[in-house]
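These notes concern the structure reproduced below.
The values are calculated or read from the model by the stated rules, or taken from the named source; none is laboratory data. Small disclaimer: the values here were computed from a predicted structure and weren't measured. Note that we place each Cβ from the backbone using ideal geometry, even for glycine, and neighbour counts take in every protein chain shown.
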């Protein structure tokens, strides 16, 4: 498919990756192998798709743009394209061990990451491209300006590493921001992980991130004392594991 064959649509946040050097490095980082179950989110014009198919043999793709679905289906016989919204798609239909890749739409990147995180138990790894500032928030350390709800929600589920930056000129049309690629490897999950309680506590904490913990969270002084956590700290000062302990304590009350 030629890079000029499709007019990018703003409502889908389309910026098509076409730079050969970036594509080559991305494939090196993903390191696809024959037999891998690869799911590509937002294949766009198919430049990365074609590279993945050369090694993996078969790829599943999630694409919301019907025109692109038609083009991709014709261009790649060994590609299965599902015309669907990646933000609403049920990734549980795929077998465990799937490898997720993609240039994620920047206009829905945060909610899409939260959605994908719910399927971490079925994922072998993820290699995704996002706005650089979002990637920096994903991998941020506690007590830094970038650290927040996104950092905690993902770091409790994934070991993440920022791989490399991607300049605007690598896309058509060029976005107004720099991009970056991040690798996400799922972490082992405890059977008694307080899923709903954890999400609620983290959301509540960072909706009042300028407040101290004693004023931001519904725990009594004795609860913080029992956990060994200073209630005078602010939400950005805690590690993801601290939020897991707080969630367990809150759910047990």
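Between 72, 52, the distinction of being at pLDDT 95 or above, in contact with a strand residue (DSSP E or B) (Cβ under 7 Å, 6 or more places away or on another chain), over 30 Å from residue 196 (Cβ atoms) and not in a strand (DSSP E or B) belongs to 52 only. Residue 191 meets all of the listed conditions (1) part of a loop (DSSP other than H, G, I, E, B); (2) within 19 Å of the chain's Cα centre (by Cα); (3) more than 30 Å from residue 21 (Cβ to Cβ) but one, namely (2). The residues in the stretch 57-97 that are crowded, with 20+ Cβ neighbours inside 10 Å and over 12 Å from residue 46 (Cβ atoms) can be counted, and the count is 3.
For residue 174, the test of being assigned to a loop (DSSP other than H, G, I, E, B), loosely packed, with under 15 Cβ neighbours inside 10 Å and assigned by TED's automatic domain parsing to the domain that holds residue 125 is passed.
Here residue 203 passes the criteria (1) outside the structural domain of residue 97 (by TED's automatic domain parsing); (2) assigned to a loop (DSSP other than H, G, I, E, B); (3) closer than 21 Å to residue 107 by Cα except the one numbered (2).
So that you can scan it fast, the table gives a plain yes or no per residue for (1) within 20 Å of residue 146 (Cα to Cα); (2) in contact with a helix residue (DSSP H, G or I) (Cβ under 8 Å, 6 or more places away or on another chain); (3) without any contact (Cβ under 8 Å) to a residue 24 or more places away in the chain; (4) in a helix (DSSP H, G or I):
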position: 208; (1), (2), (3), (4): yes, yes, no, no
position: 222; (1), (2), (3), (4): no, no, yes, yes
position: 229; (1), (2), (3), (4): no, yes, yes, no
position: 233; (1), (2), (3), (4): yes, yes, yes, no
position: 241; (1), (2), (3), (4): yes, no, no, yes
position: 250; (1), (2), (3), (4): no, yes, no, yes
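Residue count for the stretch 97-146, restricted to those that are in contact (Cβ under 8 Å) with a residue 60 or more places away in the chain, in contact with a strand residue (DSSP E or B) (Cβ under 9 Å, 6 or more places away or on another chain) and either more than 26 Å from residue 175 (Cα to Cα) or in a strand (DSSP E or B) (or both): 15. Residue-level analysis places residue 146 among those that are at pLDDT 95 or above and either surrounded by 15 or more Cβ atoms within 10 Å (Cβ to Cβ) or in the same structural domain as residue 117 (by TED's automatic domain parsing) (or both).
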